[in-house]
1. Given the conditions (1) surrounded by 14 or more Cβ atoms within 10 Å (Cβ to Cβ); (2) in contact with a helix residue (DSSP H, G or I) (Cβ under 7 Å, 6 or more places away or on another chain); (3) over 16 Å from residue 22 (Cα atoms), report the number of the one that residue 53 does not fulfil.
2. Which condition breaks for residue 62 when tested against (1) farther than 17 Å from residue 23 by Cα; (2) modelled with pLDDT of 95 or more?
3. Could we say that residue 12 is farther than 26 Å from residue 93 by Cβ, out of contact with any strand residue (DSSP E or B) (no Cβ under 7 Å at 6 or more places or on another chain), at pLDDT 90 or above and surrounded by 10 or more Cβ atoms within 10 Å (Cβ to Cβ) here?
4. Residue 1 is checked against (1) assigned to a loop (DSSP other than H, G, I, E, B); (2) at pLDDT 90 or above and fails just one. What number does that condition carry?
5. So for region 28-36 (the condition being farther than 16 Å from residue 74 by Cα and modelled with pLDDT under 55), does at least one residue qualify?
6. Please go through region 81-115 and pick out each residue that is more than 16 Å from residue 35 (Cα to Cα), at pLDDT 90 or above and out of contact with any helix residue (DSSP H, G or I) (no Cβ under 8 Å at 6 or more places or on another chain).
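The values are calculated or read from the model by the stated rules, or taken from the named source; none is laboratory data. Every value quoted in this text rests on a predicted model; they were computed, and no experiment measured them. Cβ coordinates were reconstructed from backbone atoms using ideal geometry, including for glycine residues, and neighbour counts include every protein chain displayed.
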């Protein structure tokens with residue numbers, strides 16, 4: 001049975017998206033590992049975080065809410081599933097807009113059980 005070309009494209013897009021998300025999580029994990037002894041990352045301008053997580057297109061997801069949901073929280077979730085770390089996002093605002101972020105980093109005793 002032949003696979004529909006649209007299905008192939010959809011599958012390729014899913015694989016590409018998961019690879020992209022994994023690479024974002026890997027970059028964020030490296031940042032967390034670098035600052036693990038401090039139990040938090042330094043306050044970083046939002047533009048710097050975009051450069052770290054979106055090196056090929058830091059202007060993607062210009063709306064902070066989209067960037068947070070689709071990039072930052074997704075990468076944090078993958079890290080927390082993979083490593084014995086608990087991450088918490090803190091934001092600094094100026095005139096109601098997020099200007100800086102940092103991650104609080106705590107070690108967990110063990111990884112959550114796989115169901």
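1. (3)
2. (2)
3. No: the conditions fail for residue 12.
4. (2)
5. no
6. So the first thing to find is which residues in region 81-115 are more than 16 Å from residue 35 (Cα to Cα), and the list is 81-82, 91-100, 109-115.
Add one more test, that the residue is at pLDDT 90 or above, and what stays is 91-100.
91, 92, 93, 94, 95, 96, listed by residue number.
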